[in-house]
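Trainee: Shown below is the structure under consideration.
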Amino acid sequence: MSWAVERLVQGPSGDPRSRGDEPRPDPIDPRSDPGADLDYVLATEVPDNWIPLVTIAVNKNAIALRKGAMLKAGVPVLPRGVLLQPTPLTIQDEEVPREGVRVRRIPVLARHADGAYERWIGRRVLVGRGEGSSGLEFDSAIRRSAPRDSP
């Protein structure tokens, strides 16, 4: 499994907005009611800016990564940036090395031979910084806290 992490997206004003400023998922609070010593947690939550890229079979000898979605309260968490908007978004597996890639949208300006200007948004692809951690964990046992005394 791979992840597409939105770090900066274009805000409503057109200015860049950091997705890292958004609130992180709340940590799991251990229950304190009487009963078992441990609680079972199927999976932890992932920050909203982490979009899963799920492996799919293209043919019998090749695989690709397709944009998926995590669910929050039964509703898919969708990307907010332009780069991850196309649906379905499929990326060939060999295009994403282990250290990842960084894709940036940048404005480009060129001039024609007749002096007219042409503007567009280009993309720059750079090698990533290495593996990150979404915080996703499966099949955890959380020790319950001691019951609180009532006054």
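The values are calculated or read from the model by the stated rules, or taken from the named source; none is laboratory data. Note that this is a predicted model, so its numbers are computed, not measured. Neighbour counts are summed over all protein chains in view; Cβ atoms, including those assigned to glycine, are modelled from backbone coordinates with ideal geometry. To get the accessible areas, we keep the full protein, side chains included, count just its heavy atoms, and leave off ligands, DNA and RNA. Shrake-Rupley method; radii C 1.70, N 1.55, O 1.52, S 1.80 Å.
Trainee: Return the residues of the range 77-109 that are under 17 Å from residue 6 (Cα atoms) and more than 16 Å from the chain's Cα centre (by Cα); say none if nothing qualifies.
Mentor: Scanning the range 77-109 gives 105, 106.
Trainee: Restricting to the range 18-55, give me the number of residues that are open to solvent by 100 Å² or more (accessible area, probe 1.4 Å) and of a type in the set (A, V, I, L, M).
Mentor: Residues meeting the conditions: 1.
Trainee: Does residue 83 satisfy being open to solvent by 80 Å² or more (accessible area, probe 1.4 Å), in a loop (DSSP other than H, G, I, E, B) and either aliphatic (A, V, I, L, M) or in contact with a Gly (Cβ under 6 Å, 6 or more places away or on another chain) (or both)? Can you show your working first?
Mentor: Values: open to solvent by 80 Å² or more (accessible area, probe 1.4 Å): no; in a loop (DSSP other than H, G, I, E, B): yes; either aliphatic (A, V, I, L, M) or in contact with a Gly (Cβ under 6 Å, 6 or more places away or on another chain) (or both): yes.
The answer is no for residue 83.
Trainee: Counting only residues that are part of a loop (DSSP other than H, G, I, E, B) and either within 16 Å of residue 136 (Cβ to Cβ) or of a type in the set (Ser, Thr, Tyr) (or both), which one in the range 27-43 is modelled with the lowest pLDDT? Even if it seems obvious, please write down each step before you answer.
Mentor: Step one: of the range 27-43, the residues part of a loop (DSSP other than H, G, I, E, B) are 27-37.
Pick out the ones that are also either within 16 Å of residue 136 (Cβ to Cβ) or of a type in the set (Ser, Thr, Tyr) (or both) and you get 27-28, 32.
Working: 27: 78, 28: 77, 32: 71.
Only one residue tops the list, namely 32.
Trainee: Which of (1) in a loop (DSSP other than H, G, I, E, B); (2) open to solvent by 100 Å² or more (accessible area, probe 1.4 Å); (3) not basic (Lys, Arg) does residue 109 not meet, given it meets every other one?
Mentor: Failing condition for residue 109: (1).
Trainee: Shifting gears a bit: For residue 74, state whether it is more than 24 Å from residue 141 (Cα to Cα) and either over 14 Å from the mean Cα position of the chain (by Cα) or modelled with pLDDT under 90 (or both). Walk me through how you get there before you give the answer.
Mentor: On the way: more than 24 Å from residue 141 (Cα to Cα): no; either over 14 Å from the mean Cα position of the chain (by Cα) or modelled with pLDDT under 90 (or both): yes.
Against the criterion (more than 24 Å from residue 141 (Cα to Cα) and either over 14 Å from the mean Cα position of the chain (by Cα) or modelled with pLDDT under 90 (or both)), residue 74 does not qualify.
Trainee: Consider residue 58 against the criteria (1) surrounded by 14 or more Cβ atoms within 10 Å (Cβ to Cβ); (2) in contact with an Asp or Glu (Cβ under 9 Å, 6 or more places away or on another chain): it satisfies all of them except one. Which criterion is unmet?
Mentor: Only one criterion in (1) surrounded by 14 or more Cβ atoms within 10 Å (Cβ to Cβ); (2) in contact with an Asp or Glu (Cβ under 9 Å, 6 or more places away or on another chain) is unmet by residue 58, namely (1).
Trainee: Moving to a separate point now. Only one of (1) within 28 Å of residue 128 (Cα to Cα); (2) open to solvent by 100 Å² or more (accessible area, probe 1.4 Å) is not met by residue 73, so which one is it?
Mentor: (1)
Trainee: Can I ask one more? Considering only residues that are in a loop (DSSP other than H, G, I, E, B) and on the phi < 0 side of the Ramachandran plot, look in the range 86-106 and name the one that is modelled with the lowest pLDDT.
Mentor: Only one residue tops the list, namely 87.
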